[in-house]
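Participant: Take this structure, written in structure tokens, and hold onto it; I'll ask about it next.
Every read-out reported here was derived from the displayed coordinates using simple, explicitly stated rules and does not represent laboratory data. Because the structure is predicted, anything quoted here is derived from the model rather than measured. Ideal geometry is used to build each Cβ from the backbone, glycine not excepted, and the neighbour counts take in all protein chains shown.
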């Protein structure tokens, strides 16, 4: 399971949030490779809706990240 989430770019507008997210395994290896993805949330009547392709567990990791969580709550 990939446990760490890193952000390399975050862009938000009135109705769309886009982030380039890097998932990395939590291990003792010095240079563990990243898995990079472009993730998007769009504002709908019910609130922010995730439009990416990650499984639910990774989506929760993304939404709990300190850089994105405040944007989704606004």
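Participant: Among 72, 10, rank each residue by its count of other Cβ atoms within 10 Å, from fewest to most, as a rough exposure measure.
Facilitator: 10, 72
Participant: Further question: What translational D, rounded to a whole number of µm²/s, comes out for the chain from Stokes-Einstein when the hydrodynamic radius is the Kirkwood one over Cα pairs, at 20 °C and 1.002 mPa s?
Facilitator: For the chosen part, D equals 167 µm²/s.
Participant: Find how much the distance from residue 18 to residue 37 grows on full extension, using 0.36 nm per residue of separation minus their present alpha carbon separation; answer in nm with one decimal.
Facilitator: 5.8 nm
Participant: Let me ask you something else. Arrange the following residues from fewest to most other Cβ atoms within 10 Å of their Cβ: 39, 32.
Facilitator: So the residues, fewest neighbours to most, are 32, 39.
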